[in-house]
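Single-structure report; data block below.
The values are calculated or read from the model by the stated rules, or taken from the named source; none is laboratory data. Since the model is a prediction, treat every value here as computed from it, not as a measurement. Here the Cβ positions follow ideal geometry from the backbone for every residue, glycine too, while neighbour counts run over all protein chains shown. With ligands, DNA and RNA removed, areas are computed over all heavy atoms of the protein, side chains included. Shrake-Rupley method; radii C 1.70, N 1.55, O 1.52, S 1.80 Å.
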Amino acid sequence: MNPKWLPTVEPIYKNAVKSFENLFSKALNDGEVNDDEVNATLEPLLNNLQLERDVVSMLLLLNTSDDYTYQHSVQVGMLSYYLANWVGYNNTEAMQIGKAGFLHDIGNCRIELGILNKPTKLTKEEFDEVKKHTLYGHEIISKSFDEPYLAVSALQHHERVDGSGYPYGLTGPEIHPVAKIIAVVDIYSAMISERMYRHKRDLFDVLKELYQMSFTELDAFMTQTFIKHMIPNFIGKKVELVTGEIGIIVMTHPTEFFQPLIRIGERFIDLTIERNYEIKQVYL
């Protein structure tokens, strides 16, 4: 059974993906984008997001296997808005951060499509070309908007707090907080997408991988806040344990994110105590 919000949100989401395709073309042809057009695409979507709390299921229901580049930008806009709220920005600021997320990859319009959509591993030369999308994005957004962090976010969303990112190898304090938000949700959206060369990932595992990255490449506070708010979306979902048993997640833990309370038939297993049990897969 589809949730009640789907008929409202789905057409707005699809429209946003389509509109982003047009923005992409304009950014390539004109070297800039129009603020009114960006707002007209994004605001209806962000205003309707307040209806829906189960973000995990929402993105799965809305996700399709085509239009990856455009869909990814719309998803990063949505998730940036959510995470900005969760880390304490007010709604007006969160809407702007959603816009920064929406525009973070606009520089890809100048990258050859054959490279962007290449199904196999990129060569070093191709990857060096892809890296330039951060510089192109900064240039396009700087021409289009007076809000500096929109451009800075496009420039820095591939920087990593341990200095391993690009284009400048910045470390933690040098990276803008909004770029740190977008870095987290950018990776999450890429991991859950059904790109032609990727198998669909178990969403619990994706969050576990992000958690590991919060100790190295990603900002710990931003990443763990994201996980803390995403994990309760798994309550009520069916799980398979490594033992082969099937259960339901009935409660999640506020700090031990991946050790929920599970009901199997009449008995309850608290994974924070019974450490020999492990979740193999979550069914959404």
Mind telling me which of the residues T69, T64 ends up being in a loop (DSSP other than H, G, I, E, B) and under 18 Å from the mean Cα position of the chain (by Cα)?
-> T64
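Please tell me if D54 is touching a residue at least 40 places away in the same chain (Cβ under 8 Å) and at positive phi.
The answer is no for D54.
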Of all residues in the range 211-240, count the ones that are of a type in the set (F, W, Y), part of a helix (DSSP H, G or I) and at pLDDT 95 or above.
-> 3
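Which residues, taken from the range 81-127, are among the hydrophobic types (A, V, I, L, M, F, W, C), outside any helix (DSSP H, G or I) and touching a residue at least 12 places away in the same chain (Cβ under 8 Å)?
V87, I111
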Expected output for the range 248-259 (first residue closer than 15 Å to M230 by Cβ, partner assigned to a strand (DSSP E or B), Cβ below 7 Å, 6+ apart or cross-chain) is I249/V239; I249/I262
Which residues, counting only those in the range 73-108, are open to solvent by 10 Å² or more (accessible area, probe 1.4 Å) and closer than 25 Å to E139 by Cβ?
-> E93, M95, Q96, D105, N108
Filtering the range 266-278 down to residues that are over 23 Å from S214 (Cβ atoms) and touching a residue at least 12 places away in the same chain (Cβ under 8 Å) yields F268, I269, Y277
Residue by residue through the range 207-238, note down the ones that are of a type in the set (S, T, N, Q) and either open to solvent by 30 Å² or more (accessible area, probe 1.4 Å) or in contact with a Gly (Cβ under 6 Å, 6 or more places away or on another chain) (or both).
-> Q212, T216, Q224
Do we find a residue being more than 17 Å from the chain's Cα centre (by Cα), under 21 Å from N276 (Cα atoms) and surrounded by 19 or more Cβ atoms within 10 Å (Cβ to Cβ) anywhere in the range 239-247?
-> yes
Hey, G101 on the phi > 0 side of the Ramachandran plot and out of contact with any Cys (no Cβ under 7 Å at 6 or more places or on another chain) or not = no
Filter pass, Y188 being crowded, with 23+ Cβ neighbours inside 10 Å and within 30 Å of Y283 (Cβ to Cβ) | yes
For residues in the range 248-265 being at pLDDT 95 or above and open to solvent by 90 Å² or more (accessible area, probe 1.4 Å), which is nearest to the chain's Cα centre (by Cα)?
-> M251
Subset of the range 151-176 (residues that are more than 22 Å from L116 (Cβ to Cβ), part of a helix (DSSP H, G or I) and touching a residue at least 40 places away in the same chain (Cβ under 8 Å)) | G172
Restricted to the range 91-126, and to residues that are over 15 Å from the mean Cα position of the chain (by Cα) and among the acidic types (D, E), which residue is nearest to A16 (Cα to Cα)?
-> E93
Of all the residues that make up the range 3-19, how many are open to solvent by 20 Å² or more (accessible area, probe 1.4 Å) and assigned to a helix (DSSP H, G or I)?
-> 9
Only unsatisfied item for D146, checking (1) open to solvent by 30 Å² or more (accessible area, probe 1.4 Å); (2) more than 24 Å from L23 (Cα to Cα), is (2)
